[in-house]
Amino acid sequence: YTLSGVISADAPTGQEAVEGARVRVAGRDTTSGLDGRYSMVGLPAGTYGIVTSKDGFVSDSRAITIAADTRLDILIARIPTYTLSGVVSEVTTAGQVPIEGVEVYWSEYKGTFTDRNGFYTIEGVYGGVQPIWVEKDGYTFAGAIPHRMGERWRDVTISGDTRVDVHLVRP
């Protein structure tokens with residue numbers, strides 16, 4: 001039998017097709033096209049688990065019984081994203097001085113450089129404990145900051161649009 005349908009997600013203007021969603025049934029995979037359509041042919045009758053997934057979306061898992069050609073449209077939800085921003089400054093005896101040109105990256109490798117005021121902003125950051133990368137030659141972090149991935153990575157908690165100011169020193 002053939003299982004087919006459309007993968008979509010809610011958008012500000014209504015539902016929109018989701019291209020590139022992976023649909024897995026009975027140990028087989030297919031991917032939705034530009035129009036969100038997917039199709040899998042040659043499925044024997046039976047009850048199966050079907051999993052739909054795509055980066056940036058919540059995975060959908062459900063059971064489906066195939067006894068004839070079947071159409072199953074699936075609505076998947078976007079994972080909410082937020083904006084991470086802040087100022088990177090140098091700790092000096094005269095106070096904090098903004099640093100221009102510092103690399104700041106989120107764990108998904110979305111990143112930017114600080115401007116002349118030391119300000120950075122990264123959009124599309126997922127919630128939860130997330131690592132950020134902060135680096136500029138000649139500087140290290142001021143004080144102990146929790147990290148799990150190495151010297152230039154630091155964990156931050158994202159629970160909405162979040163401001164994280166970072167303080168560096170010259171060793």
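Quick note: the coordinates plus some simple rules give every number you see, no bench work behind them. All figures in this text were calculated on a predicted structure; none of them were measured in a lab. So basically every Cβ, Gly included, is an ideal-geometry build from the backbone, and we count neighbours across all protein chains shown.
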Nitroxide proxy distance, nm - points 7 Å out along Cα→Cβ at PHE57 and TYR1:
2.3 nm
With labels modelled as points extended 7 Å from the Cα through the Cβ direction, what inter-label distance (nm, one decimal) is found for GLU19 paired with GLU135?
3.3 nm
What distance in nm separates the two pseudo spin-label positions at ALA142 and ASP69, each 7 Å out from Cα along the beta-carbon direction?
6.9 nm
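State which stretch of the chain is the longest one without any exposed trypsin sites (Lys or Arg not before Pro), exposure meaning a DSSP loop state and at most 12 other Cβ atoms within 10 Å. If you can, show how the numbers build up before the last one.
Details: sites that count: ARG116, ARG148.
With a cap of 12 other Cβ atoms within 10 Å, the longest stretch comes to 1-115.
If I take R0 = 30 Å and measure r between the Cβ atoms of ARG37 and TYR126 in this structure, what FRET efficiency does the formula 1/(1 + (r/R0)^6) give, to the nearest 0.05? Mind dumping the intermediate values first?
Values: r = 28 Å, r/R0 = 0.92.
Once rounded, the FRET efficiency stands at 0.60.
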Amide H neighbours of VAL156 at under 5 Å, excluding residues fewer than 5 places away on the same chain, with H built from the backbone geometry, are GLN130, ILE132
Taking the Cα centre of the range 42-113 as the origin, how large is its charge dipole in debye, to the nearest 20, when only Lys and Arg (+1) and Asp and Glu (-1) carry charge on their Cβ atoms?
340 debye
Note the listed values (i) -0.68, -0.73, -0.83, -1.01; (ii) -0.58, -0.67, -0.86, -1.14; (iii) -0.75, -0.84, -1.01, -1.21, then indicate which one is log10 I(q)/I(0) by the Debye sum over Cα atoms at q = 0.12, 0.13, 0.15, 0.18 Å⁻¹ calculated from this particular structure.
(i)
About the Cα centre, charge dipole magnitude for the chain (Lys/Arg +1, Asp/Glu -1 at Cβ), debye:
420 debye
Hz values of 3J(HN,Hα) by residue in the range 19-33 - Karplus curve (6.51, -1.76, 1.60), Gly and Pro given as x
7, x, 6, 8, 10, 10, 9, 6, x, 10, 10, 9, 10, 6, x
